[in-house]
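The structure under discussion appears below in the form of structure tokens.
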Amino acid sequence: MKRDDRLFALMQRLKDGGIHTAEAMAQDLNVSIRTIYRDMERLAASGVPVEGARGTGYSARATVTLPPLNLTTQELEALHLGLAVVGQLGIEEMSHAAAALSRRIEDVLPEEPTAAPHRFGFATEMFAEAAHGFRFMPTVRSAIRARQKLRVNLDGDPKPLVLWPLHLDYWGRIWTCVAWDETAASFSEIRMDRINDLSPLPGLFVEEPGKGLADYRAQKQKGRPQNSRPLVTE
């Protein structure tokens, strides 16, 4: 398993809010305890809200915190331009989020125009490729609203999937699409950054017992494993 896939698997485990020991995680992922220690340090350094210490276990807070970063004037302008673009996408929840984030940034900016750029949270290099999946977000959101089936091609997987998209989720810098996978006849958590191509299918889906978002969440609460569709490695 590649490190990126292992970190994603660890984040999926930490999302439940419980305490997980390094020993148990190392055994499940077939790696050394020292590797888990290093992975926890990488996740924490990248802004994933990991809590805990060696010997006591690890958990994650519900909120996402980001490490501080100094911005130049040009970088700040690029950030505001990006928020402006998101605000014009026509996706209501993202437009509201962009406006709220813009206000929060304005609140922490220095009042003097000649002052040094203020330190506030923004992304680091960890999981930088997550932006790869952004181009598919409008299509997936539209399919969720319309109950439109999707044909999806993933990195390293030669066979396309037929999915019923149910929900988009964001945690630890990674966007995932929760879907009912017709191909595997099970729920799947599809990493958006692992999608090479997708296209809407003519058929719509009608939610069936055992295949809806509420059923998925019930399974998660019971601890039943989901298919996370990691990158296929050599």
Meets criteria (outside the structural domain of M40 (by TED's automatic domain parsing), in contact (Cβ under 8 Å) with a residue 60 or more places away in the chain and assigned to a strand (DSSP E or B)) for E189: yes
Only listed residue being surrounded by 21 or more Cβ atoms within 10 Å (Cβ to Cβ) and among the small types (G, A, S), chosen from A179, A185: A179
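For every residue, the table says whether it meets (1) part of a helix (DSSP H, G or I); (2) in contact with a strand residue (DSSP E or B) (Cβ under 8 Å, 6 or more places away or on another chain); (3) buried (at least 19 other Cβ atoms within 10 Å of the Cβ).
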position: G17; (1), (2), (3): no, yes, no
position: E23; (1), (2), (3): yes, no, no
position: V31; (1), (2), (3): no, no, no
position: R34; (1), (2), (3): yes, no, no
position: R38; (1), (2), (3): yes, no, no
position: E41; (1), (2), (3): yes, no, no
Residue selected from region 192-222 under the condition assigned to a loop (DSSP other than H, G, I, E, B) and out of contact with any helix residue (DSSP H, G or I) (no Cβ under 8 Å at 6 or more places or on another chain), by the criterion nearest to V48 (Cα to Cα): K222
Among (1) under 16 Å from D5 (Cβ atoms); (2) at pLDDT below 90, the one test that S59 misses: (1)
Hits in region 43-56 - residues which are part of a strand (DSSP E or B) and either touching a Gly at 6+ places or on another chain (Cβ under 9 Å) or among the hydrophobic types (A, V, I, L, M, F, W, C) (or both): V50, A53
Residue match in region 165-180 (condition: modelled with pLDDT of 75 or more, in a helix (DSSP H, G or I) and either of a type outside the set (F, W, Y) or within 24 Å of R61 (Cα to Cα) (or both)): no
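The values are calculated or read from the model by the stated rules, or taken from the named source; none is laboratory data. What you see is a predicted model, and the numbers here were worked out from it, not measured in a lab. Don't worry about glycine lacking a Cβ; one is built from the backbone with ideal geometry, like all the others, and counts go over all protein chains shown.
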